[in-house]
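Encoded as structure tokens, the structure appears first; notes follow it.
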Amino acid sequence: MSKETSTWYSHRVHRRVTLTRWGALGTPVLIFPTAAGDAEESERFHLIDAIGPLLEAGRVKAYSVDSVPGQVWLQENNRIDHASWIQNQFDEVIAQEIVPAIRHDCNHAEGLQIVVTGASIGALNALAPICRHPDLFSKAICMSGTYDPRRFLSGDAGAEWFRASPVHFVKTIAEDSPQLQRLRKGFVLFTHGEGRHEAPQESWDAANVLGGRGVPNRVDSWGKDWHHDWVTWRAMLPKYLDELLPR
């Protein structure tokens, strides 16, 4: 399986950003790491191996980018004002740097739509771009998500936080806006286990917000034998990619 890594300095987040790609053909799938993970976390924890058959069949071309917001929240500065700023700047990195890099790597294929996915905090980072940029992303697979992570942060939430948090800013999108009309043509799948350290209500709360705005979504529970762990996500991701992507 082919693999390529690119690293550059982003002035938007004042640090180097890495984008790694696996596979040569297929629908581009952008994987967001958990917590403070880097672009190669999914390979180290064998998630790339789990979707290997889809990569080899040319159905998926997988990408992953450093979890810049998680790195800042958990390792540098967890004040909610700074966390909100870095989350919004990271959104600019995704839309203005990562997406163009993926499109270039895919030879600017006409009508290219990118699928986003992630687990835990990675699910939050997958939900945010499809809600903000439904013209760039068509589907999201959000696994074991934490969609309102203020418990990890200190200080009081202000306007910047409510702009950074997808479950909050989706409520504010104008009913007649092109953004909401486009988002209603997409699809978000929320999935979780019910075992150790899982929080099923997070999925339902986020799904209810999207459903209230007419955004197609689904919630799948995998029951009490599936925990907040890579074993779960290695089973989930290939199943849902196989279901949702063209054959």
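Every number in this text was worked out from the coordinates using simple rules, so none of it is lab data. What you see is a predicted model; the values in this text were computed from it and never measured. Note: ideal-geometry Cβ built from the backbone for every residue, glycine included; neighbour counts use all protein chains shown.
With R₀ fixed at 22 Å, the C-beta to C-beta distance from residue 16 to residue 74 puts the FRET efficiency at about 0.75. For region 114-166 versus region 202-247, the inter-centroid distance based on Cα atoms is 14 Å.
For the listed peptides 196-208, 28-40, 98-110, a ranking on the average number of other beta carbons within 10 Å per residue, highest first, reads 28-40, 196-208, 98-110. Annotation note: trypsin sites (Lys or Arg not before Pro) in region 122-187 located in DSSP loop regions with a Cβ neighbour count of at most 11 within 10 Å are 185.
Across all C-alpha atoms in region 3-244, the radius of gyration and Dmax reach 16.6, 48 Å. Need one number: the % of Cα-Cα pairs in region 131-247 sitting beyond the 24 Å mark. Summing the P(r) tail past 24 Å for region 131-247 gives 32 percent. Shape index of region 182-245: Rg/Rh, with Rg the Cα radius of gyration and Rh the Kirkwood radius from the inverse mean 1/r over Cα pairs, equals 1.00.
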